[in-house]
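Student: Could you have a look at this structure, given as C-alpha cells, before my questions?
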Amino acid sequence: MSAAPALKQTSLNAVHRQMGGRMVDFGGWDMPVQYPAGTVEEHLRTRNHAGLFDVSHMGEIDVRGSDAIPFVNRLVSNDVTKLVDGQAQYSALTTPEGTVVDDLMVYRFAEDHLLLVVNAGTTEKDWEWIKSHHKGENVELKNVSADYCQIALQGPDALSILQTLTSTPLEEIKYYHFREGEVDGVPSIISRTGYTGEDGFEVYAASEKAEQLWNKILEAGNYGKSEGVLPCGLAARNTLRLEAGMALYGHEINETTTLLEANLGWICKLNKGDFIGRDSLAKQKEEGIRRRLIGFEMTERGIARDDQDVLINGTPVGRVTSGSPAPYLKKNIGMAYIPTEFANEGQQIQIDVRGRAVGASIVKTPFYKREKK
C-alpha cells in the first residue's frame with residue numbers, strides 16, 4: 001500500500017503549532033481548526049474586537065495580457081468589465097449547466113492584469129479548468145499560489161490595528177477595493193474584504209514574509225490582552241461565515257447547485273454577453289427554480305449538522321448544507337436546500353438530529369449583519 005500523500009503546509013505551519021493550534025487535514029492542507037482559547041472565544045473576539053486568520057492555503061491565478069478582461073469575463077458569472085483598477089469582485093466559475101466549479105474573487109490591477117483568488121481544495125481543478133478554456137486569447141496564465149501568503153485581520157478593531165503597520169490610508173480603501181502598499185515594510189496587497197461578516201482586511205504578500213506579518217499584527221493588536229486580537233482557526237471562520245449567511249464551496253455550492261438555486265443571482269449577470277453556463281441559467285431563470293437555499297434556526301433543543309435530513313410533516317424534503325451553533329447570536333442555525341414551494345420565511349420544518357425530528361423555522365438570511373458605522 002502506498003503511503004498517503006503528505007499534507008500541504010502554509011508558511012505559518014510551525015507558528016500555528018507553537019501557538020497550540022489543533023491541526024487537522026483540511027482539503028489536503030495541515031491547518032489549525034482552533035487555538036487554546038477555543039472556537040467560541042475566537043468567534044466572539046472577531047465580532048467584538050479582532051481575529052487573525054491564516055488563509056495562505058487559498059489559490060492565486062495571475063492573468064495578464066490585452067485579453068485578460070474578455071477572457072476571464074467569458075469564464076465567470078459576474079461582469080468583469082465593470083471593475084476599475086483597485087477593485088475586487090465576488091464571482092463564480094460556472095459549468096455549461098450553470099452549476100459552480102468554484103466561487104472566487106477577481107482583483108483588477110490594470111486593464112491587462114487580473115488576479116483570481118480561488119479556494120484551496122479546488123485550486124488544481126480551477127487551474128486546469130481555466131487553462132482548458134483558453135482559446136487563443138492574448139493572455140498569460142500563471143498559477144502563483146505558492147508565491148503568496150494571505151493573512152486576514154477581521155473585526156471592528158482591524159483597521160486601527162493594521163493602520164499602525166502601514167502608511168497606506170486604510171480608511172480610504174472602500175469595501176471590495178484594494179491598494180498596493182507596505183505592511184511592516186513588506187510589499188503587500190491590502191484588500192478590504194473578508195469572509196466573516198465583519199469589516200477587515202486581507203493582506204497578500206510574499207509567502208516567506210508570512211511569519212513576520214503574522215507576529216507583527218499580533219503584537220500591534222495586543223495579543224494576550226482580554227480585548228486584544230486572537231489567532232483564529234477554521235472552526236471560527238466557519239461559524240462566522242455561517243452567521244453572515246455566506247456560501248461555502250462543497251457545502252452550499254458545488255457542481256450540482258446552480259447560482260440561482262444558491263441565491264447568488266446577484267453575481268450572475270445574464271445581460272453582460274456570453275459566458276459559460278449563461279444559456280442554462282437564463283433558461284432556469286425563465287422556467288423558475290425548483291429548489292432554493294434557505295436559512296433556518298432551531299426552535300427546539302438540538303443542533304443541526306451538515307448532511308442531516310430536512311423534514312416537512314415527517315417527510316424528507318432536503319438536506320442541511322451547513323449547521324452549527326451561532327456563538328454571537330446564541331442560537332442554533334443552518335442552511336439547506338428545500339423545494340421552492342416550502343422555501344418561505346416562517347415555514348416550520350424539522351431537522352432529523354440522530355433519528356429525532358427537531359423543530360426549526362425558516363428565517364431571513366444573513367442571520368447576522370454588522371451595523372455600519
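The values are calculated or read from the model by the stated rules, or taken from the named source; none is laboratory data. It should be emphasised that the depicted structure is a prediction, and the values quoted were computed from it without experimental measurement. FYI the Cβ positions are ideal-geometry reconstructions off the backbone, even for glycines, and counts take in every protein chain you see.
Student: Within region 359-369, which residues are surrounded by 16 or more Cβ atoms within 10 Å (Cβ to Cβ), more than 10 Å from Glu297 (Cα to Cα) and either out of contact with any Leu (no Cβ under 9 Å at 6 or more places or on another chain) or polar (S, T, N, Q) (or both)?
Tutor: Passing the criteria: only Thr365.
Student: Residues that are in contact with a Ser or Thr (Cβ under 8 Å, 6 or more places away or on another chain) and assigned to a strand (DSSP E or B): does region 311-323 have at least one?
Tutor: Within region 311-323, not a single residue is in contact with a Ser or Thr (Cβ under 8 Å, 6 or more places away or on another chain) and assigned to a strand (DSSP E or B).
Student: Taking the stated definitions as given, is Lys142 over 28 Å from Gly265 (Cα atoms) and of a type in the set (Lys, Arg)?
Tutor: Judged against the criteria, Lys142 is a match.
Student: Now for a separate question. For residues that are without any contact (Cβ under 8 Å) to a residue 24 or more places away in the chain and on the phi < 0 side of the Ramachandran plot, scanning just region 133-170, find the one that is surrounded by the most Cβ atoms within 10 Å (Cβ to Cβ).
Tutor: Per the stated criteria, the residue is Thr168.
Student: Same structure, new question: Are there any pairs with C-beta distances below 8 angstrom linking a residue in region 206-220 that is assigned to a strand (DSSP E or B) to a residue that is β-branched (Val, Ile, Thr), with the two at least 6 apart or on different chains, and if so which?
Tutor: Correct list of pairs: Ala206/Val186.
Student: Which fully enclosed helices (runs of 4 or more DSSP H) of region 1-81 have 3 or more residues being at pLDDT 95 or above and either outside the structural domain of His134 (by TED's automatic domain parsing) or in contact with a Pro (Cβ under 9 Å, 6 or more places away or on another chain) (or both)?
Tutor: The helices (runs of 4 or more DSSP H) meeting that bar are 13-18, 39-48.
Here's the yes/no breakdown for (1) more than 18 Å from the chain's Cα centre (by Cα); (2) at pLDDT below 95; (3) not aliphatic (A, V, I, L, M):
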| position | (1), (2), (3) |
| --- | --- |
| Pro156 | yes, no, yes |
| Gln163 | yes, no, yes |
| Ser167 | yes, no, yes |
| His177 | no, no, yes |
| Val183 | yes, no, no |
| Val186 | yes, no, no |
| Gly197 | no, no, yes |
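Student: Name the single residue, out of those in region 330-358 being out of contact with any strand residue (DSSP E or B) (no Cβ under 8 Å at 6 or more places or on another chain) and within 18 Å of Ile303 (Cβ to Cβ), that is surrounded by the fewest Cβ atoms within 10 Å (Cβ to Cβ).
Tutor: Across region 330-358, the extreme among qualifying residues is Gly355.
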